Amino acid sequence: QVQLVESGGGLVQPGGSLRLSCAASGFSFKDYAMSWYRQAPGSERELLCAIPSVGNGISCVDSVKDRFFISRDNTKKTAYLQMNNLKPEDTAVYHCNAALKGTFLRTVSGDWGQGTWVTVST
């Protein structure tokens, strides 16, 4: 059974940091590109960062690229999102996704599961 399980969210003050984890199972993790998304209340889901299966090519959108960092550990079948200098506008539910040759495990209209909530507030 293919699974992507996010964890590591929580309540953090502005300026704080969190590291999210995405534990993968049921597929060949090392062969898949991984990505992180978020969806704030009342907003569309947005892509944040992506990391290929091999090599360089890590990328993040401009709004977070100086604060968020994506990484992966193939031995642990886990992808991470390090988030620094968090802002209230980072409050959202965060999800990961996996893709092989352009085919994503989680689709636009599919079930993305609970994800992990990040709340940035005083």
Discussion item. Return the pair list, or none, for Cβ contacts closer than 6 Å from residues in the stretch 94-122 that are within 12 Å of SER35 (Cα to Cα) and part of a loop (DSSP other than H, G, I, E, B) to residues that are at pLDDT below 95 and open to solvent by less than 60 Å² (accessible area, probe 1.4 Å), at least 6 apart or on different chains.
Written reply: ARG106/TRP112
Fill in: Search result, residues across the stretch 1-26 that are farther than 17 Å from ALA50 by Cβ, among the hydrophobic types (A, V, I, L, M, F, W, C) and at pLDDT 95 or above
VAL5, LEU11, VAL12, LEU18, ALA23
Practice prompt. Please work out which residue is surrounded by the most Cβ atoms within 10 Å (Cβ to Cβ), limiting yourself to the stretch 101-122 and to residues that are at pLDDT 95 or above and aliphatic (A, V, I, L, M).
Written response: VAL118
Worksheet item: List, please: which pairs have Cβ atoms under 6 Å, are six or more places apart or on different chains, and start with a residue in the stretch 60-73 that is farther than 15 Å from MET34 by Cα and of a type outside the set (Ser, Thr, Tyr) and end with one that is open to solvent by 50 Å² or more (accessible area, probe 1.4 Å) and not in a strand (DSSP E or B)?
Response: ARG67/ASN85
Worksheet entry | Selection within the stretch 95-114 - within 14 Å of LEU47 (Cα to Cα) and of a type in the set (Gly, Ala, Ser) | ALA98, ALA99
Worksheet item: What number of residues in the stretch 54-80 are surrounded by 11 or more Cβ atoms within 10 Å (Cβ to Cβ) and either assigned to a loop (DSSP other than H, G, I, E, B) or of a type outside the set (Val, Ile, Thr) (or both)?
Response: 18
Practice prompt. Look at ALA92 and say whether it is over 19 Å from VAL120 (Cα atoms), open to solvent by less than 80 Å² (accessible area, probe 1.4 Å) and of a type outside the set (Asp, Glu).
Written response: no
Worksheet entry | the stretch 39-52 - residue that is of a type in the set (Gly, Ala, Ser) and without any contact (Cβ under 8 Å) to a residue 40 or more places away in the chain and, of those, most open to solvent (accessible area, probe 1.4 Å) | GLY42
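The values are calculated or read from the model by the stated rules, or taken from the named source; none is laboratory data. Nothing here was measured: the structure is a model prediction, and the numbers come from that model. Note that each Cβ is placed from the backbone with ideal geometry, even for glycine, and that neighbours are counted across all protein chains shown. We work out accessible area using only protein heavy atoms, side chains counted, and drop any ligands, DNA or RNA first. Shrake-Rupley method; radii C 1.70, N 1.55, O 1.52, S 1.80 Å.
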